[in-house]
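Below is one structure, written out as structure tokens, with a few remarks after it.
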Amino acid sequence: MITVIANLKGGSGKSTVAFNLSVWLEKHGRRVVGYDLDPQCTLSDLGMLRKDIGNKPYLTIHSVRAVLQEQLKSHDDAEVIVDVGAANMAAMKEAMSAADRILIPVPPSQADVWATQRFLHIIGPDLNVVKMNGSQQIMAFVNRADTNKAIRETHETESALKMLPGIDIVLPHRLKMRTNFRRSLSEGLTVFEMWPRSKAAEEFHTLATALYPDVVGK
């Protein structure tokens, strides 16, 4: 399955999700091939750091841009994770056209909701038929959610996403704004490797299981 993690707006946590998800899948016995198509190359840097430190499993991450669709579709025996940002719009569109699903992490703010709405316009010319090849599943979830339940922006953002035409599924599983995510990345580790019993690890496991329900238990 080809999963493209994308967002029009920077700072949404795409690379953090892609990195943690790739390692999570590897640890559950799946072969993963990653593609880092973001000029910032954060996913590639994390993969190199992980290998330099000796944290296994190592990740296979490509930055190839030529004939991208053919390369993405050539990994029949692997889960393909693509991290791409709006700074490389051509690669983003090409990757999305080859994807089985597009995962959009959305921070809790009105500006991010507006950016997601614009992103849906980019995915397809007709807002009522946003899928570029008619088969992608478009999913969104609230990332970097507020830890304080009394703050309304997180709930309002999730509600707004449910109203946007073009999103097939708004996942109810949120990742909250926790320093554990940032600190673990500096060590080339996922949050569930560094703090396996933390709330952040629990939240990520819940999200990953929702995305890959057939993985756990095998």
Checking Asp52, Asp38, Asp83 in turn, the sole residue that is under 30 Å from Asp146 (Cα atoms), acidic (Asp, Glu) and in contact (Cβ under 8 Å) with a residue 60 or more places away in the chain turns out to be Asp83
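Here are some residues: Leu46, Leu59. Which one is surrounded by 20 or more Cβ atoms within 10 Å (Cβ to Cβ) and touching a residue at least 60 places away in the same chain (Cβ under 8 Å)? Even if it seems obvious, please write down each step before you answer.
Details: Leu59 fails: touching a residue at least 60 places away in the same chain (Cβ under 8 Å).
Of the residues listed, the single one that is surrounded by 20 or more Cβ atoms within 10 Å (Cβ to Cβ) and touching a residue at least 60 places away in the same chain (Cβ under 8 Å) is Leu46.
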When only residues in segment 62-80 that are in contact with a Phe, Trp or Tyr (Cβ under 8 Å, 6 or more places away or on another chain) and among the β-branched types (Val, Ile, Thr) count, which is surrounded by the most Cβ atoms within 10 Å (Cβ to Cβ)?
Val80
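Every residue in segment 81-92 that is surrounded by 16 or more Cβ atoms within 10 Å (Cβ to Cβ) and part of a helix (DSSP H, G or I), please.
Of all residues in segment 81-92, those surrounded by 16 or more Cβ atoms within 10 Å (Cβ to Cβ) come to 81-86, 88, 91-92.
The answer is Ala86, Asn88, Ala91, Met92.
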Considering segment 120-147, residues that are in contact with a helix residue (DSSP H, G or I) (Cβ under 8 Å, 6 or more places away or on another chain) and within 15 Å of Glu94 (Cα to Cα), and then whichever is modelled with the lowest pLDDT, we arrive at Val130
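Kindly establish whether Thr209 is crowded, with 16+ Cβ neighbours inside 10 Å and without any contact (Cβ under 8 Å) to a residue 40 or more places away in the chain. Give the steps one after another, and end with the answer.
Numbers: crowded, with 16+ Cβ neighbours inside 10 Å: yes; without any contact (Cβ under 8 Å) to a residue 40 or more places away in the chain: yes.
So Thr209 fits the description; yes.
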How many residues are of a type outside the set (A, V, I, L, M, F, W, C) and touching a residue at least 40 places away in the same chain (Cβ under 8 Å) when one looks only at segment 183-206?
5
Here are Thr206, Thr157: which of them is modelled with pLDDT of 95 or more and closer than 29 Å to Val216 by Cα?
Thr206
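The values are calculated or read from the model by the stated rules, or taken from the named source; none is laboratory data. Note that this is a predicted model, so its numbers are computed, not measured. Cβ atoms come from the backbone with ideal geometry, glycine included; neighbour counts cover every protein chain shown.
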